[in-house]
Amino acid sequence: MKQKIRLTVISIILFLAIAITAGIMMYSKFAPSKKVMDLYEYYQTEDNDDVILILQNKIYEQKGKIIDGQIYVDYDTVTTYFNKRFYWDDKESLLIYTTPTEIIKAEVGSKDYYINKSKKSMDYAIAKVEDGTVYIALDYVKEYSDVKYTLYEEPNRVVISYVWGEDFLYADIKEETQLRNKPSVKGDILKELKKGEQVEIIIDEEEINKRFTKVITEDGIVGYVKNSMTKNSYYVAEESNFKAPEYTSISKDYKINLTFHQVTNQTANNHVLELLGNTKGVTTISPTWFKVSSVEGNVESLASETYVQRAHNYGVEVWALVDDFTNGIDMSELLSYTSRRDKLSNELIALAIKYNLDGLNMDFEKIPQAAGKDYIQFLREMSVKCRNNGIILSVDNYVPSAYTSYYDRAEQGVLVDYVVTMAYDEHINGGDGSGSVASIGFVKDAVTNVLEEVPAEKNIIAIPFYTRLWEESAEGVTAKAYSMDQAQIILDQNKAEATWDNETMQYYAEYESGGNTYKVWLEEEKSLEEKLKVIMDNNVAGIASWKLGLEKSSVWSVILKYVN
C-alpha cells in the first residue's frame, strides 16, 4: 500500500514538474521581450561626426555629417531629393545655385558667397569635401529649398521633411506600449511609447502583419507597434509656407511662325529681304550666325546690323542661332568649367546687345550624355542673363526619346522662353535604312511626348522644308537632301509618279536607274498641311521651319491657314 502511495506521489510530482516546465516554456515562447536595443546599434553609427538622415519616413542609407555644429548633407542627396538646381563644379571647386535672376556661387570651404557679383557671408562653411564627397550645409540648402528639419541627439539624427501637399497617415497611441524592431513581441524594444503619442503609419505592402503596424516616431525611429495599441488613424496633409521664386518668361501674344535661315558667309546676309519677300506670315527669323569655336567659350560670328534693321523694318524679329557644330570642340570640356560657361554666355549676351537682337536660339546637338547636367546648368545661367536683359531664349531639341532624356526638356520648359522640337530627321543618311524625313506618326509622337514635359504655350514644333532621295544599291543605302522643287524635278526627269501614302501622309515615289533603286517621301503643300493640323490642334506656341529657301512659295499660304 505504501509502495502504491509513494508511486502516486512521485507521479504527481513528475506531472507537476512537467506542467511547470511546459508553462515556463510556453511563457518564454510568448512572453514579450524586455531586451532594449541600443539606438547606436539600431542606427549603426560609426564616426562621431556622422548624422543619420531620415527623409520623410525612411531611414536613408547615406549619412550626413555634423561639423562645427553644422549639419552637412552630400550633394547627390541634395540634388536628388531636395533641390536639383544646385550644381557642383568639380573642376573649379564651386557650388552654384541659380534663381530666375541670380547666379549664386560659393567656393568650397568658404563662408562667403556671391550673388551675381555682390559678396555675402554665412557663419559657417557653405560646402565641404570629405573623402572625395561633396557636402552642403543643410541650412544653406534650406535657404533656397522647400525643406524643414529637426535634429535629435544620442545618436545624432535629423528628420527632414521635403514632400508637401500629400496626405500622410497618422495614429495615436492608445496606452503605454513598446516600439519594437520587428513585428513580434520578441522584437527588441526601441522606445517606450506614451499614451497619446502621435506616430506616422508606414504603408509597406511587403510587411503586412495582422497583429503589428509599422510606424515612425516623431524623432525618426522606425519600428513596429501592436495594432491594438493604436487608435484614431487620420490623414494629415503636410504644408509649407516656403515661397519658391517665380520663373518669368517672355511670351508673345501671337502664334510664332519662325523660319531658320542658314547663313554661311556675310554675302548670304544680303539676301534676307529677298527671301522674306517670298514668305507669308513669318514672325521670326533665326539666322545661323554664331558658332562655338573653342572649349574656352569663344564664339565666331556672322552677325550683321543691316540684316537686323531690314528684318525689323519688315516686321520680323531676329533670334540668332548658336550652334556647336564646329569639329573638334569637346562640349564636356567647355560646359563643365564655370569660367568657360561664363565666357560663352557673356559673349553671346554682348553680341545680342550689340546687334539689337530680339532673341538667341541655342542649337546644341553634340552634347554627350555625361555633360547633360553641365548643359542644363549652362541654360540656367544663360536664362538668368537673358531674362535680366530682356532677350528671348529658345532652345532646339531632338524629338523626345529615351536616349535624349538627359537634355531634360522639363527643366528647359521652366528656364527658357520657348522650346523648339525638331520634328524631322526621322530617317537620316547612315541610319537604319531609307524612310521618311517626317512621317505623320513621327510628328504626332513628337508633339504628344514633348507636351508631357513642356507647357503648350512654350512649345514650338519645327517642320522640314526638305526631303531626302534615297539610293539603294549593292553597297548599301545612302541619301541626299533636296529642296521641294529639286525633288520634284528629279522625279520628272526620271518619269517617276508619286502616289499618296496614307500611312506617312506623304507622296511617295520610287524608280530604278543604273541598277539601283531610288525612293523619296516628298514634303510639299499637302504633307505639310497634315502636319500643321496635328501641331496646331494641340494649341502650341507656333511652328518653325528648316530651312528658308528650300520651300515652294505656295507652302506659305498653307501655313498661313494654321499659323496667323
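Laid out as a table, the results:
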| quantity | calculated |
| --- | --- |
| Yes/no for Glu525 being touching a Lys or Arg at 6+ places or on another chain (Cβ under 8 Å) and open to solvent by 30 Å² or more (accessible area, probe 1.4 Å) | yes |
| Failed item, numbered, when Glu497 is tested on (1) open to solvent by less than 60 Å² (accessible area, probe 1.4 Å); (2) more than 28 Å from Asn269 (Cα to Cα) | (1) |
| Any hit, segment 464-486, residues being within 17 Å of the chain's Cα centre (by Cα), of a type outside the set (Val, Ile, Thr) and farther than 17 Å from Pro100 by Cα | no |
| Identity of the residue in segment 280-315, among the β-branched types (Val, Ile, Thr) and either buried (at least 21 other Cβ atoms within 10 Å of the Cβ) or part of a strand (DSSP E or B) (or both), that ends up farthest from the chain's Cα centre (by Cα) | Val308 |
| Residues located in segment 387-418, provided they are open to solvent by less than 10 Å² (accessible area, probe 1.4 Å) and part of a helix (DSSP H, G or I) | Thr404, Tyr407, Arg409, Glu411, Gln412, Gly413, Leu415 |
| Of all residues making up segment 138-186, the number that are on the phi > 0 side of the Ramachandran plot and among the small types (Gly, Ala, Ser) | 1 |
| Among residues of segment 432-457, those that are more than 25 Å from Tyr508 (Cα to Cα) and buried (at least 21 other Cβ atoms within 10 Å of the Cβ), counted | 2 |
| Extreme residue, nearest to the chain's Cα centre (by Cα), among residues of segment 122-133 that are surrounded by 11 or more Cβ atoms within 10 Å (Cβ to Cβ) and over 13 Å from Ile96 (Cα atoms) | Thr133 |
| Check on Val159, among the hydrophobic types (A, V, I, L, M, F, W, C) and open to solvent by less than 30 Å² (accessible area, probe 1.4 Å) | yes |
| Failed item, numbered, when Thr267 is tested on (1) more than 23 Å from Ile349 (Cα to Cα); (2) surrounded by 11 or more Cβ atoms within 10 Å (Cβ to Cβ); (3) not aromatic (Phe, Trp, Tyr) | (2) |
| Cross-chain or 6+ apart pairs with Cβ under 6 Å, segment 515-531 first and farther than 17 Å from Tyr466 by Cβ, then surrounded by fewer than 16 Cβ atoms within 10 Å (Cβ to Cβ) and of a type in the set (Gly, Ala, Ser) | Asn516/Ser473 |
| Output for segment 231-264, where each listed residue is in a strand (DSSP E or B), open to solvent by 30 Å² or more (accessible area, probe 1.4 Å) and either closer than 30 Å to Asp323 by Cβ or not basic (Lys, Arg) (or both) | Asn232, Ser233, Tyr234, Tyr235, Val236, Ala237 |
| Among (1) surrounded by fewer than 17 Cβ atoms within 10 Å (Cβ to Cβ); (2) assigned to a helix (DSSP H, G or I); (3) touching a residue at least 40 places away in the same chain (Cβ under 8 Å), the one test that Phe325 misses | (2) |
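The values are calculated or read from the model by the stated rules, or taken from the named source; none is laboratory data. Fair warning: this is a prediction, and the values are worked out from it, not measured in the lab. We place every Cβ from the backbone using ideal geometry, glycine too, and count neighbours over all the protein chains shown. The area values use the complete protein model at the heavy-atom level, side chains included, leaving out ligands, DNA and RNA. Shrake-Rupley method; radii C 1.70, N 1.55, O 1.52, S 1.80 Å.
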